[in-house]
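Just below is one structure, and these are the notes that go with it.
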Amino acid sequence: MEESVVSQPDVALAEYERIVGSEVIEQLFQLAKPLRGKRIVHVNSTRTGGGVAEILTKMVPFTRALGIDASWEVIAGRNEFYQCTKSFHNALQGNHVTIPTAQLKVFEEVNAINAELLRPVLNDADVVIIHDPQPAPLITQFPNRRGRWIWRCHIDVSKPYRHVWQYLRVFISKYDASVFSLAAFAQPMPHPVCLIAPSIDPLSAKNAELSAEEINGIHRQLGLDPARRTILQVSRFDRFKDPVGVVEAYRLAKRFAPDLQLILAGGGATDDPEGAAVLNEVHTAAAEDPDIHVLELPADAHRTINALQRTADIVLQKSTREGFGLTVTEALWKGKPVIGGNTGGIRLQVIDHHTGFLVNTPEGAAHRIRYLLHHRDKAEEMGRKGREFVRVNFLLTRHLCDYLSLILLLESGDSNRVELRRIA
Amino acid sequence: MEPNENQQPFLFRDCVLSAFSTGLRAQNIRELRDKLTVVSADSIYYHFWGSRLATRFEHPEYHNDFAGWVHHSLHDHILGERLGIIDPTDFEDLERLRHELVEIIEQRLDEVETVAWSKPDDQFQFVRSRIIVFDTPHHISHPSELPQVLPTLSLSSVFYHFIDARMRLPESTDDFRAWLHGYGEEFRELMDMLANLDPYFLPLLELRQTLVAKTTAFFESHSLVTV
């Protein structure tokens with residue numbers, strides 16, 4: 001992937017320039033100039049699947065196209081390692097989790113082994129960006145590191161389980177800086193804590209333009225009627241996403257819009273006991289209503305999700321607790337008004353009465369659904385504003401701009417104002 | 001009107017603002033007062049000026065984040081109004097501005113018997129910012145070129161020249177008026193038009209459109225537009 005873009009840098013950049021405008025690309029080149037020739041290495045724990053891998057797949061070649069020597073390394077571990085890091089993930093989101101000492105030992109051993117494999121690359125790097133907790137202890141294996149090391153947290157750690165956080169904090173505090181997605185997620189650190197919101201890639205399978213033919217084909221395949229008015233929620237079957245509340249809101253609204261159909265699209269829940277229970281509750285709430293479509297989609301059904309979002313009239317994300325909520329970003333990017341729960345990162349994206357509505361109850365959601373079904377012009381205006389909002393704030397280009405800025409600031413000492421002069 | 005040969009060209013610059021957590025939070029106005037006394041001045045800059053770079057969809061009701069939070073999250077409309085009217089350019093530096101904020105909050109604390117609390121997930125998060133300023137390819141050698149270049153500027157460039165400048169320059173002027181001043185009285189009318197543009201009431205997109213409209217109207221009326 002990296003190589004193909006490096007050999008044809010203009011192809012990718014031209015595509016992004018078409019979407020974000022030449023001034024944004026110009027900004028990126030200006031910020032990248034002082035960093036040309038520097039080595040930036042990203043490290044995470046998976047090459048495919050998940051939001052981090054999705055972003056790095058595009059961000060690394062994009063960075064290289066700006067003249068920076070960026071690369072991406074992935075650490076590998078055995079089963080106990082992933083059990084341990086899965087527990088970390090749950091604990092950082094607030095679940096009380098007990099992690100056996102033996103698993104923590106494996107966690108540290110795997111990092112030590114990976115450190116030896118990556119030593120030549122990481123020793124020479126000017127900047128190392130470590131993503132999430134899995135590779136966090138790598139830093140302890142590089143006491144004579146040359147470059148600056150940044151820890152990037154993609155998880156909602158606003159209320160972490162303290163025992164686990166205290167354990168991880170020992171590693172993280174050794175970094176030169178850390179990055180959290182929202183101010184509410186940030187934890188006190190002895191180094192600069194930068195706030196960088198997540199992003200979506202407008203050219204990925206989940207967000208790229210689709211032909212009408214492909215969208216219709218996907219609808220046929222799923223047995224949906226694209227001619228009918230549709231409300232959609234895309235999310236895991238998780239109580240915090242309140243899918244049962246969405247069904248309630250749909251029922252209240254349907255009395256005034258008999259043709260309305262509801263699509264609840266989420267990942268399969270077979271390996272998640274609580275997810276399976278929530279899915280059962282959803283089926284019970286749906287009570288075999290033929291206009292409620294509960295879709296269990298595989299993790300890689302990106303084009304299907306894309307098609308569903310593009311044909312929905314209104315997208316809901318009626319969460320009662322939410323990290324950032326990239327499904328909201330995706331829907332806004334597709335020009336859809338979003339009715340979102342008044343919580344977490346949804347509040348940063350759903351600007352009440354502008355890009356959608358914030359709600360607190362199924363009744364509130366039903367009221368807004370009826371409003372938007374009735375006021376089509378308002379729904380379209382919100383859709384236009386939402387797309388522009390995402391274009392400016394939540395695309396990959398802004399994300400990269402923030403990383404480059406952070407690196408420049410780390411190299412510039414403590415000054416709160418850094419002046420870069422034009423380099424020919 | 002002939003170009004002033006002694007006048008330097010106007011070099012358009014751009015900026016990005018990086019936000020950093022201070023780790024300080026407030027859930028009521030007493031905490032807000034206490035944290036304001038210790039937070040770095042960069043944070044006061046951010047909550048008055050920096051957040052103007054964020055996308056806005058409406059004419060802002062409050063011109064700083066403190067007033068907005070007090071109004072929307074604590075529902076203390078009286079304090080919201082008092083904080084909202086503060087013009088940061090009235091103060092010589094951020095320390096004096098900090099002092100004013102603390103004074104106003106203390107006055108309100110004297111008035112109320114109990115303080116309102118925000119929801120735990122709606123606390124005021126003190127953020128500080130650092131700014132990186134860099135050149136753009138755009139420059140003009142005469143004011144009549146402004147109407148052509150202004151529409152091509154990024155919103156952050158508009159922020160830098162028209163809003164951030166009020167912090168950098170004496171008498172809270174902006175970069176455009178400071179440059180036009182070098183032409184003496186020649187562009188006084190345009191400078192007055194720009195002075196009458198209140199940046200607090202305009203989102204950046206609208207501010208750029210208004211700057212384009214004002215400069216275009218001026219040069220058309222003086223038949224000076226560069227084609």
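The values are calculated or read from the model by the stated rules, or taken from the named source; none is laboratory data. Since we're looking at a predicted model, the values are computed, not measured. Cβ sites come from the backbone with ideal geometry, for glycine too, and all protein chains shown count toward neighbours.
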Q. Could you say whether any residue in segment A:112-127 is more than 22 Å from residue A:197 (Cβ to Cβ), part of a loop (DSSP other than H, G, I, E, B) and either touching a helix residue (DSSP H, G or I) at 6+ places or on another chain (Cβ under 9 Å) or modelled with pLDDT under 95 (or both)?
A. yes
Q: Considering each residue of segment A:54-71, count those that are in contact with a strand residue (DSSP E or B) (Cβ under 7 Å, 6 or more places away or on another chain) and outside any strand (DSSP E or B), and give that number.
A: 5
Q: Among the residues of segment B:35-61, write down those that are surrounded by fewer than 16 Cβ atoms within 10 Å (Cβ to Cβ), at pLDDT 75 or above and away from chain A (no Cβ under 12 Å).
A: B:37, B:38
(Q) For segment A:400-419, give me the residue count where each residue is at pLDDT 95 or above, facing chain B (nearest Cβ under 7 Å) and out of contact with any helix residue (DSSP H, G or I) (no Cβ under 7 Å at 6 or more places or on another chain). (A) 3
Q. Residue B:101 fails exactly one of the following numbered conditions: (1) modelled with pLDDT of 95 or more; (2) in contact with a Ser or Thr (Cβ under 7 Å, 6 or more places away or on another chain); (3) under 19 Å from residue B:22 (Cβ atoms). What is the number of that condition?
A. (2)
Q: May I ask you to list pairs of residues, at least six apart or on different chains, whose Cβ atoms are under 7 Å apart, with the first in segment A:158-177 being assigned by TED's automatic domain parsing to the domain that holds residue A:146 and surrounded by 15 or more Cβ atoms within 10 Å (Cβ to Cβ) and the second being at pLDDT 95 or above and among the basic types (Lys, Arg)?
A: A:176/A:148
Q.
Condition first: outside any helix (DSSP H, G or I) and either within 14 Å of chain B (Cβ to nearest Cβ) or under 13 Å from residue A:93 (Cα atoms) (or both). Now tell me which residues in segment A:153-174 satisfy that.
A. A:153, A:154, A:155, A:156, A:157, A:158, A:159, A:160, A:161, A:173
Q) If a residue has to be within 30 Å of residue A:149 (Cβ to Cβ) and small (Gly, Ala, Ser) to count, how many in segment A:191-229 make the cut? A) 3
Q. Restricting segment A:368-399 to residues that are among the aliphatic types (A, V, I, L, M) and more than 11 Å from chain B (Cβ to nearest Cβ), which is nearest to residue A:175 (Cα to Cα)?
A. A:396
Q: Please work out if residue B:98 is away from chain A (no Cβ under 14 Å) and either within 14 Å of the chain's Cα centre (by Cα) or part of a helix (DSSP H, G or I) (or both).
A: yes
Q | Hey, residue B:117 part of a loop (DSSP other than H, G, I, E, B) and touching a residue at least 24 places away in the same chain (Cβ under 8 Å) or not | A | yes
Q.
Taking the conditions exactly as written (among the aliphatic types (A, V, I, L, M) and either within 14 Å of chain B (Cβ to nearest Cβ) or surrounded by fewer than 23 Cβ atoms within 10 Å (Cβ to Cβ) (or both)), does residue A:292 satisfy them or not?
A. yes
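In segment A:275-287, what residues are of a type in the set (A, V, I, L, M), out of contact with any Pro (no Cβ under 6 Å at 6 or more places or on another chain) and in a helix (DSSP H, G or I)? Full working, then the answer.
Residues of segment A:275-287 of a type in the set (A, V, I, L, M): A:276-279, A:282, A:285-287.
Right, trim to out of contact with any Pro (no Cβ under 6 Å at 6 or more places or on another chain) and you get A:276-279, A:285-287.
Within segment A:275-287, A:276, A:277, A:278, A:279, A:285, A:286 qualify.
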**Q.** Odd one out for residue A:85 among (1) without any contact (Cβ under 8 Å) to a residue 60 or more places away in the chain; (2) surrounded by fewer than 18 Cβ atoms within 10 Å (Cβ to Cβ); (3) within 21 Å of residue A:139 (Cβ to Cβ); (4) among the polar types (S, T, N, Q)
**A.** (2)
Q: May I ask you to verify whether residue A:145 is of a type in the set (D, E, K, R), out of contact with any Cys (no Cβ under 7 Å at 6 or more places or on another chain) and either buried (at least 18 other Cβ atoms within 10 Å of the Cβ) or not in a helix (DSSP H, G or I) (or both)?
A: yes
